[in-house]
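Derivation of every value follows stated rules applied to the coordinates shown; laboratory data play no part. None of the values given here were measured: they were computed from a predicted structure. Here Cβ is always computed from backbone atoms with ideal geometry, including for glycine, and neighbour counts include all displayed protein chains.
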Amino acid sequence: MLDGILQGLDTAFMPINLLLVLVGCFAGTFIGMLPGLGPVSAIALMIPITYGFDPSSGLILMAGVYYGAVFGGSTSAILINAPGVSGAVATAFDGYPMAQRGEAGKALALAAYASFSGGTIGAIFLFVFVPILAKVSLSFQSADYFALMLFGLSAITAFAGKGQVMKAVIMTLLGLMLATVGEDPSGIQRFTFGITDLYDGISFLLLSMATFAIAEALIVILRPEPKQSEDSTPNFKTLGSMKLSKDEIKTIAPTVARSSVLGFFVGILPGAGATIASFLAYGMERNFASLKEKLRFGKGSLIGLAAPETANNAASTGSFVPLLTLGIPGSATTAVMLGALLSYGVQPGPRLYLDHPDVFWSVIISMYLGNIILLVLNLPLIPYISKLLDIPKQFLTPIILFLSLIGVYLVSFNTVDLTMMVVIGVIAVGIRILNFPLAPLLLGFILGGMLEENLRRALLISDGSLEFLWLRPITATIIAVTIVTLLMPLVSAYRERQRNNTTND
Amino acid sequence: MKFLNDKDRVGCSFILVFALVYFYASFDIPLSTLPGNEVFTARTLPMYLSILTIGFCLLRIFYPERKEAGDTIAAAVRSFRWRPFALLSGLMLAYSLSFKFLGFGIATVLFLFAGFYILKERRLWLSFLVAAGLTLFMWLILTQLFDIYLDNGDLYRILTGE
């Protein structure tokens, strides 16, 4: 392990890789600030650029972009109440009120410190847990992998929110169906209807850019222009002091510690991710707060800002655990990274730790370097970077659309992909209007191929019998957890209905 | 709530139609002739997926979730600006279809310029400068810095006789 860490340090501290983290953090911050372009789109845009790089350098750039985009999303949430990423929505609850009362500098600094702390604790956990989990997962068989993927898919539906569970299940199934388009593992064409462009299936990048970047930009156009009131006008010229007092640091320290742990473990769960982690941490800290502090929540509370910011960064780190140890992406962002790794010829999973220790450790180390760069270099530059938010929407939206289109074109060099992207983007807008969640579709699509491959293998080994689901204790345990996860929202909905009926009676 | 105004029922109906077509098309998937593969064929997963989706969609259509009165399609789209949405979607489609003929440079400048115009930017010179500047910037970065090939387009080849 020590050899691997040293190799990773060597790779991460190569001048070119240090430069890539730096560039990645800056580019990510810029992109993350733009409404409609989150970490998924930011990383996807980097894929064609990193094709010529070796796997470590490519992933290092992407890790930098990832953290930069998360940080950028928080910046726009604080300054203009427009979270660039969904993980930063809870940040805006207290960050924006702080900015309104002239403490934007302090809010940004606090967000950066909280993110850094969350990232640091997350990185320590990653160092400890990933090698252990990687070793354990070496004993996994196809039945276990199949069970794990089912768990991943069930987790995203369980986290879908009130009234959304059934819709999340349907969207997951839709994603799985789309994943079957193209050549199956035995070489048979499915649902291609003789169209050669479909032989390789639908590109994941195309689907993710269409459903997130294009759809988000189009939704921004569809919505009416918000009326500019005086108090909602951003005021970047007066960011105010960026210093935190000792008392303020003392106040937020326990929050940061609790939210880091919570964020990391929520991040590990497939499908949960930074958004859920930030809301959970916000809710948890609100419950822990004194009555006086509770009243400050939503009006510029330091704790209310520190909790989601810490948790979303720790969750971003945690989401790398299933990717690096099992080869299963837990979020849309890590799914894009999985796609990138595969295109480099590197198979993520337990073997990555043994076969490519330089890639494995350098990515983990670079993620931490990214946190340091964000704190030391990006924070002082925020007043200048935030000028980007002054770009008028009539210029910004077509540029976002162009970047999304060209990002996909540069991977396949096929203009049919562009047409498909536009069509899927418009359909995704319709799906969003109907309030169906798109993240389960994407996760179903990503896991579809792996799920089928492992199910096929497990069934062939067990000669067509379904007993592989309960023969091994580990498979049976994961399947049991999956069933509980799926039933949990149904049971709580039933209980709530019963409670309502009792109250009405 | 009327069926056509219910987000869940309309959404599920669309997905139901898709799943039915998918189910029907899954019968066209050829079966492998390799021995041992009869346990799990190329049809197995698509069949089960479509049956599950059809079942869940029907369940949602016939047993809809109780929702608040204002949560309707009509309320959701009431103030939407459909014109710029349709024009920009059309513009993206035109960009994708004309890319091969016009090439990266011309197609991108035209796309950006038209995009700015659709979103009511009327300073034409500024629009052109931004569109051309960004296109040139991207072209330089992609071709000169990252050594990525960008097609000049059929029009360029016709004009230069290449």
C-alpha long axis of helix A:439-461 to longest principal axis of chain A, angle in °: 30
Over what distance in Å are the Cα centres of the range B:94-147 and the range A:290-356 separated? 35
Report, as a whole number in µm² per second, the diffusion coefficient that Stokes-Einstein gives for the range B:1-80 at 4 °C and 1.567 mPa s using the Kirkwood radius over alpha carbon pairs. 87
Value at 222 nm in deg cm²/dmol, rounded to 500, when DSSP H runs of n ≥ 4 in chain A each add -39,500 (n - 2.57): -24000 deg cm²/dmol
Assuming 0.36 nm per residue, please report the length gained on full extension of the stretch A:Leu342 to A:Leu9 beyond their Cα-Cα distance. 117.6 nm
Dipole in debye (nearest 20) - chain A, about Cα centre, beta carbon charges: Lys, Arg +1; Asp, Glu -1: 1520
The answer for GluC sites (Glu not before Pro) in the range A:402-505 that fall in a DSSP coil and have at most 16 neighbouring Cβ atoms within 10 Å is A:Glu467
Helix axis angle, A:2-12 relative to chain A longest principal axis, alpha carbon, degrees: 60
Using a/c under 1.5 as the rounded threshold, could you call chain B rounded, prolate or oblate? The axes a ≥ b ≥ c are square roots of the C-alpha gyration tensor eigenvalues, and prolate needs a/b larger than b/c, oblate otherwise. oblate
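Just want to confirm a number: the relative contact order over chain A, from Cα pairs under 8 angstrom separated by 6+ residues, in percent.
Working: 892 pairs, mean separation 141.8, N = 505.
It rounds to 28 percent for chain A.
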What residues have an amide H closer than 5 Å to that of A:Arg190, excluding those fewer than 5 places away on the same chain, when H is modeled at 1.01 Å from N in the peptide plane? A:Gly182, A:Glu183, A:Asp184
Between B:Arg78 and B:Lys100, what is the spin-label point distance in nm, taking each point 7 Å from the Cα along the Cα→C-beta axis? 4.6
Ranking B:Phe99, B:Leu87, B:Ala76 by how far each Cα lies towards the positive end of the charge dipole of the range B:74-127 (+1 on Lys and Arg Cβ, -1 on Asp and Glu Cβ), the top one is B:Ala76
What spacing in nm lies between the two simple spin-label points modelled at A:Ser412 and A:Glu183, each 7 Å away from Cα in the Cβ direction? 1.6
Please determine, in degrees from 0 to 90 and to the nearest 10, the orientation of helix B:82-118 with respect to the longest principal axis defined by the Cα atoms of chain B, where the helix direction is its Cα long axis. 60
Per residue, how big is the convex hull of the range B:81-162 when only Cα atoms are used? Give it in Å³. 99
I want to make sure I understand the PRE zone here: with the label point 7 angstrom from the Cα of B:Tyr156 toward its beta carbon, which residues in the range A:390-418 have backbone N atoms less than 16 Å away? A:410, A:413-415
Taking the dipole about the Cα centre of the protein assembly as shown, with the C-beta of Lys and Arg at +1 and of Asp and Glu at -1, give me whichever of A:Val321, A:Ile446, A:Phe116 is farthest to the positive side. A:Phe116
Going highest first, how would you order A:287-294, A:64-71, A:335-342 by mean Cβ packing within 10 Å? A:64-71, A:335-342, A:287-294
Given a Förster distance of 35 Å, report the FRET efficiency between A:Glu293 and A:Leu18 from their Cβ-Cβ distance, rounded to the nearest 0.05. 0.30
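Assign one of three labels to the protein assembly as shown, namely rounded, prolate or oblate, based on the Cα gyration tensor with a ≥ b ≥ c the square roots of its eigenvalues; rounded applies when a/c is under 1.5, prolate when it is not and a/b is larger than b/c, and oblate otherwise.
Details: a/c = 1.22, a/b = 1.08, b/c = 1.13.
Here the protein assembly as shown falls in the rounded category.
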Only Lys, Arg, Asp and Glu count, each charged at its Cβ (+1, +1, -1, -1), so figure out the dipole size of the range B:81-162 about its Cα centre, rounded to 20 debye. 560
Using +1 at the C-beta of Lys and Arg and -1 at the C-beta of Asp and Glu, which of B:Leu52, B:Leu136, B:Ala114 has the Cα lying farthest in the positive direction of the dipole of chain B? B:Ala114
Computed for the range B:1-80: size of charge dipole around the Cα centre, +1 on C-beta of each Lys and Arg, -1 on C-beta of each Asp and Glu, debye to nearest 20, value 280
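Based only on other Cβ atoms within 10 Å, what is the fewest-to-most ordering of A:Trp361, B:Trp125, A:Trp470?
Details: A:Trp361 26, B:Trp125 7, A:Trp470 14.
Neighbour counts put them in this order, fewest first: B:Trp125, A:Trp470, A:Trp361.
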Taking the beta-carbon count within 10 Å as an exposure proxy, list B:Asp8, B:Asp147 from fewest neighbours to most. B:Asp147, B:Asp8
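Using a Förster distance of 30 Å, how high is the FRET efficiency between A:Val376 and A:Arg101, based on the Cβ-Cβ distance and rounded to 0.05? Could the numbers behind the result be given before it?
Working: r = 27 Å, r/R0 = 0.91.
Given R0 = 30 Å and the Cβ-Cβ separation, E is 0.65.
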Taking the beta-carbon count within 10 Å as an exposure proxy, list A:Leu418, A:Leu405 from fewest neighbours to most. A:Leu418, A:Leu405
Residue-wise, which Karplus ³J(HN,Hα) couplings in Hz belong to the range B:6-15, taking 6.51 cos²θ - 1.76 cosθ + 1.60, θ = phi - 60°, and x for glycine or proline? 9, 4, 5, 5, 5, x, 5, 5, 4, 5
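Tell me, what is the percent relative contact order of the range B:1-80, built from C-alpha pairs under 8 Å that lie six or more residues apart? Intermediate values should be presented prior to the final figure.
Details: 55 pairs, mean separation 35.4, N = 80.
Reported as a whole number, the value is 44 percent.
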